[in-house]
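Accompanying notes for the structure given below.
The values are calculated or read from the model by the stated rules, or taken from the named source; none is laboratory data. The structure displayed is predicted, hence computed values, not measured ones. Cβ atoms come from the backbone with ideal geometry, glycine included; neighbour counts cover every protein chain shown.
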């Protein structure tokens with residue numbers, strides 16, 4: 001509650017400072033925003049790599065991908081792909097980039113255009129350190145999956161040692177990430193100052209930001225209130241029963257913005273309110289908490305297309321399909337990192353050579369976006385768990 005109050009105070013003070021127009025306040029905001037964005041760029045690449053490696057190393061061997069794991073992954077990929085596709089549909093319909101360009105024509109520098117074929121060619125880096133130095137996210141993700149999977153073929157002693165080492169390093173970087181959350185009110189103040197300044201200077205162009213936010217909100221609402229209930233209905237399950245039984249967990253996720261923090265309550269309502277077998281719930285929900293990120297996929301897709309588009313990047317039909325796939329893979333590899341969607345989007349844009357200034361304008365609103373996304377993720381986790389339970393009900397003979 002205290003963090004929300006500080007955030008609200010920062011927003012109010014930022015609006016006031018922006019309207020005041022004092023040059024020293026504008027300069028302070030520019031310096032703070034630049035430092036904060038540089039900090040995000042600095043930690044984004046190692047966070048992505050360590051999150052993927054740690055997640056794979058902590059799996060109970062490659063056999064975990066079989067049985068229930070196959071069912072979980074199948075439904076996770078289905079719901080996450082649908083979430084990203086819904087976001088793409090709304091992005092095409094509302095076209096927030098055009099709204100942004102109306103007031104900013106001629107002021108934006110076009111970024112270098114790279115085809116998706118060139119982007120795919122960067123999957124395997126010629127130099128490990130170069131991939132990190134140049135923030136090539138797709139190469140970093142490839143290295144993470146490569147190391148995480150191959151480690152399971154090492155002797156148990158070496159694999160256990162690597163597991164402890166990477167997990168500790170990942171925890172260290174999570175502590176580094178927490179510093180960003182501590183200074184978030186100051187950063188939000190700075191970005192609100194710049195946002196007000198931009199609104200005053202470009203009243204028409206800034207409307208694209210509101211259109212972008214509308215796309216995010218509508219995509220998540222449609223995914224949660226239409227797409228997921230349809231999937232449940234197709235399996236012969238009652239969306240109302242599952243939503244009613246899981247409402248406490250969904251509301252907790254909304255206010256805490258953490259799927260991990262909500263997991264204990266999700267397990268409780270899944271078994272006691274929805275009637276899911278413990279053996280299924282105990283396996284599926286923790287795994288879904290890590291890889292089932294519907295809201296994150298929608299955010300990554302919309303943010304990358306919007307920010308890159310505002311900076312002059314254009315996308316073909318094949319590029320759009322490619323980014324649907326990339327947003328799904330990135331969301332699956334998010335691994336519950338705090339502000340993970342924001343970091344991943346920033347990392348993608350950095351790798352494409354796109355300035356992050358527009359991401360700074362999005363940041364003041366990210367708290368509200370994150371609340372909606374987390375609620376959607378937990379609702380999707382419960383739904384996927386219910387569908388998996390339905391599919392394997394006859395296979396599981398007794399409760400764990």
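Mind checking which residues of the stretch 152-168 are in a helix (DSSP H, G or I) and either out of contact with any helix residue (DSSP H, G or I) (no Cβ under 6 Å at 6 or more places or on another chain) or modelled with pLDDT under 80 (or both)? Steps first, please.
Of all residues in the stretch 152-168, those in a helix (DSSP H, G or I) come to 152-153, 156-168.
Residues satisfying the conditions are 153, 156, 157, 158, 160, 161, 164, 165, 168.
Is at least one residue of the stretch 201-209 at pLDDT 75 or above and assigned to a helix (DSSP H, G or I)?
First, pick out the residues of the stretch 201-209 that are at pLDDT 75 or above: 208-209.
Still in the running and assigned to a helix (DSSP H, G or I): 208-209.
Checked the stretch 201-209: at least one residue is at pLDDT 75 or above and assigned to a helix (DSSP H, G or I).
For the stretch 128-151, give me the residue count where each residue is at pLDDT below 80 and over 24 Å from the mean Cα position of the chain (by Cα).
Qualifying residue count for the region: 1.
Taking residue 306, is it at pLDDT 85 or above, in contact with a helix residue (DSSP H, G or I) (Cβ under 7 Å, 6 or more places away or on another chain) and assigned to a loop (DSSP other than H, G, I, E, B)? Talk me through it step by step, then tell me what you get.
Details: at pLDDT 85 or above: yes; in contact with a helix residue (DSSP H, G or I) (Cβ under 7 Å, 6 or more places away or on another chain): yes; assigned to a loop (DSSP other than H, G, I, E, B): no.
When the stated conditions are applied, residue 306 does not pass them.
Can you tell me which residue within the stretch 74-90, out of those that are more than 17 Å from the chain's Cα centre (by Cα) and crowded, with 17+ Cβ neighbours inside 10 Å, is modelled with the highest pLDDT? Before the answer, list the steps.
Taking the stretch 74-90 and keeping what is more than 17 Å from the chain's Cα centre (by Cα), we get 74-75, 89-90.
Add one more test, that the residue is crowded, with 17+ Cβ neighbours inside 10 Å, and what stays is 75, 90.
Numbers: 75: 92, 90: 96.
Checking each candidate, the answer is 90.
Determine, yes or no, whether residue 328 is modelled with pLDDT of 80 or more, under 16 Å from residue 209 (Cα atoms) and part of a helix (DSSP H, G or I).
Numbers: modelled with pLDDT of 80 or more: yes; under 16 Å from residue 209 (Cα atoms): no; part of a helix (DSSP H, G or I): yes.
No.
Taking the stretch 17-34, which residues are modelled with pLDDT of 85 or more and surrounded by 14 or more Cβ atoms within 10 Å (Cβ to Cβ)?
Step one: list which residues in the stretch 17-34 are modelled with pLDDT of 85 or more, which gives 17, 19-20, 22-32.
Passing the criteria: 17, 25, 26, 28, 29, 30, 32.
Where residues in the stretch 278-288 are at pLDDT 75 or above and touching a helix residue (DSSP H, G or I) at 6+ places or on another chain (Cβ under 6 Å), which of them is surrounded by the fewest Cβ atoms within 10 Å (Cβ to Cβ)?
Kept after step one, since they are at pLDDT 75 or above, are these residues of the stretch 278-288: 278, 280-282, 284-285, 288.
So of that shortlist, the ones also touching a helix residue (DSSP H, G or I) at 6+ places or on another chain (Cβ under 6 Å) come out as 278, 280-281, 284-285, 288.
Values: 278: 13, 280: 26, 281: 25, 284: 30, 285: 27, 288: 27.
Across the stretch 278-288, the extreme among qualifying residues is 278.
When you scan the stretch 61-71, do you find a residue that is at pLDDT 80 or above and not in a loop (DSSP other than H, G, I, E, B), even just one?
Residues of the stretch 61-71 that are at pLDDT 80 or above, as a first pass: 71.
Those still in the list that are not in a loop (DSSP other than H, G, I, E, B) too: 71.
Looking through the stretch 61-71, at least one residue is at pLDDT 80 or above and not in a loop (DSSP other than H, G, I, E, B).
When you scan the stretch 97-116, do you find a residue that is within 25 Å of residue 294 (Cβ to Cβ), in a helix (DSSP H, G or I) and modelled with pLDDT of 85 or more, even just one? Walk me through it before giving the result.
The first filter runs over the stretch 97-116 and keeps only residues within 25 Å of residue 294 (Cβ to Cβ), leaving 97, 116.
Applying the additional criterion that residues be in a helix (DSSP H, G or I) yields 97, 116.
Still in the list and also modelled with pLDDT of 85 or more: 97.
Looking for residues that are within 25 Å of residue 294 (Cβ to Cβ), in a helix (DSSP H, G or I) and modelled with pLDDT of 85 or more, one finds at least one in the stretch 97-116, hence yes.
Select from the stretch 117-127 the residues that are modelled with pLDDT of 75 or more and within 22 Å of residue 322 (Cα to Cα) and write down the one among them that is surrounded by the most Cβ atoms within 10 Å (Cβ to Cβ). Talk me through it step by step, then tell me what you get.
Initial filter on the stretch 117-127 (modelled with pLDDT of 75 or more): 124-127.
Checking the rest, the ones that are also within 22 Å of residue 322 (Cα to Cα) come to 124-125.
Details: 124: 12, 125: 17.
Taking the candidates together, the pick is 125.
For the stretch 229-240, state whether one or more residues are closer than 30 Å to residue 352 by Cα and part of a helix (DSSP H, G or I).
Within the stretch 229-240 (the criterion being closer than 30 Å to residue 352 by Cα and part of a helix (DSSP H, G or I)), the answer is no, since none of the residues qualifies.
Please determine, by comparing only the residues of the stretch 333-348 that are at pLDDT below 75 and more than 13 Å from residue 50 (Cβ to Cβ), which one is farthest from the chain's Cα centre (by Cα).
Pass one, the stretch 333-348, residues at pLDDT below 75: 333-340.
Still in the list and also more than 13 Å from residue 50 (Cβ to Cβ): 338-339.
Values: 338: 9, 339: 7 Å.
Among residues in the stretch 333-348 that are at pLDDT below 75 and more than 13 Å from residue 50 (Cβ to Cβ), the one farthest from the chain's Cα centre (by Cα) is 338.
Picking from 321, 297, which residue would you name as being modelled with pLDDT of 85 or more and out of contact with any helix residue (DSSP H, G or I) (no Cβ under 8 Å at 6 or more places or on another chain)? I'd like the intermediate steps shown before the answer.
Details: 297 fails: out of contact with any helix residue (DSSP H, G or I) (no Cβ under 8 Å at 6 or more places or on another chain).
Going through 321, 297 in turn, the sole match is 321.
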